[in-house]
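Down below is the structure, laid out as structure tokens.
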Amino acid sequence: MTAIQHLSAAINRWVEYLLFGLGLSMALVVAMQVFFRYVLNHSLFWSEELARFMLVWLSFLGASAAYKRSLHPGVDILTSRLSAPLRKACSQLVHIVSLVLFTVMIIYGAQFAHFIRAQISPALYLPKWAVFVIIPASGLILAIHCLAFMASAHKDDRRDR
């Protein structure tokens, strides 16, 4: 296993722990919100905003965990009919295009987070950059996973020779 593959696996392990914590926390916040609103007839003004922010983080981090585990849906009607070398070439091309997209996420996500750095969320008074920093962060995580996939494919190609 290469260093990038070890890094990718370690990051994914921590991301999955964080996903569990965020998911559980979000479920508790929403349950609390429902209880307070319908049982106590008192709304928690901050709960909806917090749940929304946690959902944003869950979405981006969940995408990286799904990518690492190859769980994203795909249409392989064409690639399944290709020969093994062409299938590997298509896979590498997909990873290269994905890496470009992840780089765009990193660059423009960081620019956007910097652009909104002075904005504060209305209910929680959190700086909005702290919410949207997940875009470049998840782009970086996705890029590391992508490089690990590419290193693994390269290692497999060298072994096949």
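Nothing in this text is a laboratory measurement; each read-out follows from the coordinates by a stated rule. From a predicted model like this one, the values you see are computed outputs, not experimental measurements. All Cβ positions, glycine included, derive from the backbone under ideal geometry; neighbour counts span all protein chains shown.
In the range 63-97, which residue that is in a helix (DSSP H, G or I) and among the charged types (D, E, K, R) is farthest from ILE144 (Cα to Cα)? Give the steps one after another, and end with the answer.
Going residue by residue through the range 63-97, those that are in a helix (DSSP H, G or I) are 63-68, 79-81, 84-97.
After this cut, where a residue has to be among the charged types (D, E, K, R) as well, the list is 68, 81, 87-88.
Working: LYS68: 10, ARG81: 29, ARG87: 22, LYS88: 19 Å.
Filtering the range 63-97 for residues that are in a helix (DSSP H, G or I) and among the charged types (D, E, K, R), the one farthest from ILE144 (Cα to Cα) comes out as ARG81.
Residues in the range 72-95 that are surrounded by 11 or more Cβ atoms within 10 Å (Cβ to Cβ) and among the aliphatic types (A, V, I, L, M) were compared, and the one that is farthest from ILE141 (Cα to Cα) is LEU82. Has the range 41-57 got at least one residue that is over 17 Å from PHE102 (Cβ atoms), among the hydrophobic types (A, V, I, L, M, F, W, C) and within 10 Å of the chain's Cα centre (by Cα)? Yes, because at least one residue in the range 41-57 is over 17 Å from PHE102 (Cβ atoms), among the hydrophobic types (A, V, I, L, M, F, W, C) and within 10 Å of the chain's Cα centre (by Cα).
Summed over the range 122-139, the residues that are aromatic (Phe, Trp, Tyr) and over 28 Å from ASN12 (Cβ atoms) give a count of 1. Going through the range 1-60 one residue at a time, which ones are part of a helix (DSSP H, G or I), touching a Phe, Trp or Tyr at 6+ places or on another chain (Cβ under 7 Å) and not hydrophobic (A, V, I, L, M, F, W, C)? Across the range 1-60, there are no qualifying residues.
Considering (1) surrounded by fewer than 16 Cβ atoms within 10 Å (Cβ to Cβ); (2) polar (S, T, N, Q); (3) part of a helix (DSSP H, G or I), the lone condition that SER138 does not fulfil carries the number (1).
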